[in-house]
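Visitor: What follows is a single structure, and I will ask about it in a moment.
The values are calculated or read from the model by the stated rules, or taken from the named source; none is laboratory data. Since the model is a prediction, treat every value here as computed from it, not as a measurement. So basically every Cβ, Gly included, is an ideal-geometry build from the backbone, and we count neighbours across all protein chains shown. Ligands, DNA and RNA are stripped out before the accessible areas are found, and what is left, the full protein with its side chains, is counted by its heavy atoms. Shrake-Rupley method; radii C 1.70, N 1.55, O 1.52, S 1.80 Å.
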Amino acid sequence: MSLVTALIHRRRHRLLGRLVQEALALYGMEVPAACEIGPGLAVFHRGFGTVLHPYTTLGAGVTLYNGVTIGRADPWVPQEESAMRRVVVEDGAVLCAGAKVVCKEGVLTVGAGTVVGANAVLTRSTGPGEIWAGVPARKVGMRAGRWGPSPAPPAPGPSGRPQTYGSRPVPHSGKRTSHSPSPPASSVAPEKP
């Protein structure tokens, strides 16, 4: 556990809480005591410039990079009058450097295992295992493996078996390209006039 992560988990300490908050401020981090943070939080690059809204919940195994902001989309409105209720970042989500998660109204949920790309501005909830990027953020893909669907098996080649290059499957679109292996000359039927 890094020093920053240890400080984040001790920010609610009865006697040392204020001192811990000031130490986090030296790193440019604002993590209010009201934030709910699950086990296994990973903070990279000491979280420089990371700001979390008090109504934030981080699940287990969440990863935060530097410059992440989680907050309201209406900061000019008094908190009591804001339509935002909470931001929930579910287990295993990754918020890359400079990612902004801003809630307009209700509860915004970043799904389990979702990746929010660098400098993306996320303004709506996501599903599990999705990849979001851009300003405003939009879904650009799905994570493979634990958080998303398994990759599709390779399409069969001309022989009916999946094509491979070494030990890696080679995707086959059915069309020949300059990069597709050509069949051996002995297996090519002569053209009939």
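Visitor: Pairs under 6 Å by beta carbon, first residue farther than 15 Å from V68 by Cβ in region 78-96, partner buried (at least 20 other Cβ atoms within 10 Å of the Cβ) and among the aromatic types (F, W, Y), six or more apart or different chains?
Guide: R86/Y55
Visitor: So, one more: Could you count how many residues in region 95-114 are within 18 Å of V43 (Cβ to Cβ), assigned to a strand (DSSP E or B) and either open to solvent by 30 Å² or more (accessible area, probe 1.4 Å) or in contact with a Pro (Cβ under 6 Å, 6 or more places away or on another chain) (or both)?
Guide: Going through region 95-114 one residue at a time, the tally reaches 1.
Okay, residues lined up against (1) hydroxyl-bearing (S, T, Y); (2) surrounded by fewer than 18 Cβ atoms within 10 Å (Cβ to Cβ); (3) at negative phi:
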| residue | (1), (2), (3) |
| --- | --- |
| S2 | yes, yes, yes |
| A23 | no, yes, yes |
| M29 | no, no, yes |
| P39 | no, yes, yes |
| H53 | no, no, yes |
| V68 | no, no, yes |
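Visitor: Quick one: in region 121-139, which of the residues that are part of a strand (DSSP E or B) and open to solvent by 20 Å² or more (accessible area, probe 1.4 Å) is nearest to I70 (Cα to Cα)?
Guide: Only one residue tops the list, namely V121.
Visitor: Something else about it: Under the condition of being over 16 Å from R46 (Cβ atoms) and assigned to a loop (DSSP other than H, G, I, E, B), which residue from region 14-28 is farthest from the chain's Cα centre (by Cα)? Outline the logic, then answer.
Guide: Initially, region 14-28 is screened for residues over 16 Å from R46 (Cβ atoms), giving 14-19.
Those left that are additionally assigned to a loop (DSSP other than H, G, I, E, B): 14-16.
Working: R14: 33, L15: 35, L16: 32 Å.
Among them, the one singled out is L15.
Visitor: Would you check which residues across region 28-52 are in contact with a Ser or Thr (Cβ under 9 Å, 6 or more places away or on another chain) and aliphatic (A, V, I, L, M) and list them?
Guide: Within region 28-52, M29, V31, A34, I37, L41, A42, V43, V51, L52 meet the criteria.
Visitor: Follow-up question, since we're still on this one. Just give me the residues in region 70-92 being surrounded by 15 or more Cβ atoms within 10 Å (Cβ to Cβ), under 20 Å from A34 (Cα atoms) and not polar (S, T, N, Q), in sequence order.
Guide: I70, G71, R72, A73, D74, M84, R86, V87, V88, V89, E90, D91
Visitor: Would you confirm, using the coordinates I've provided, whether P39 is farther than 14 Å from C103 by Cα, outside any helix (DSSP H, G or I) and either touching a strand residue (DSSP E or B) at 6+ places or on another chain (Cβ under 8 Å) or not hydrophobic (A, V, I, L, M, F, W, C) (or both)?
Guide: Values: farther than 14 Å from C103 by Cα: yes; outside any helix (DSSP H, G or I): yes; either touching a strand residue (DSSP E or B) at 6+ places or on another chain (Cβ under 8 Å) or not hydrophobic (A, V, I, L, M, F, W, C) (or both): yes.
Considered against the rule, which asks whether it is farther than 14 Å from C103 by Cα, outside any helix (DSSP H, G or I) and either touching a strand residue (DSSP E or B) at 6+ places or on another chain (Cβ under 8 Å) or not hydrophobic (A, V, I, L, M, F, W, C) (or both), P39 comes out as yes.
Visitor: While we're here: Restricting to region 72-90, and then to whatever is under 22 Å from G49 (Cα atoms) and part of a loop (DSSP other than H, G, I, E, B), can you tell me which residue is modelled with the highest pLDDT?
Guide: The qualifying residue modelled with the highest pLDDT is E90.
Visitor: Of the numbered conditions (1) in contact with a Lys or Arg (Cβ under 7 Å, 6 or more places away or on another chain); (2) touching a residue at least 24 places away in the same chain (Cβ under 8 Å); (3) open to solvent by less than 20 Å² (accessible area, probe 1.4 Å), V62 satisfies every one except a single condition; which is it?
Guide: Here V62 clears every test but (1).
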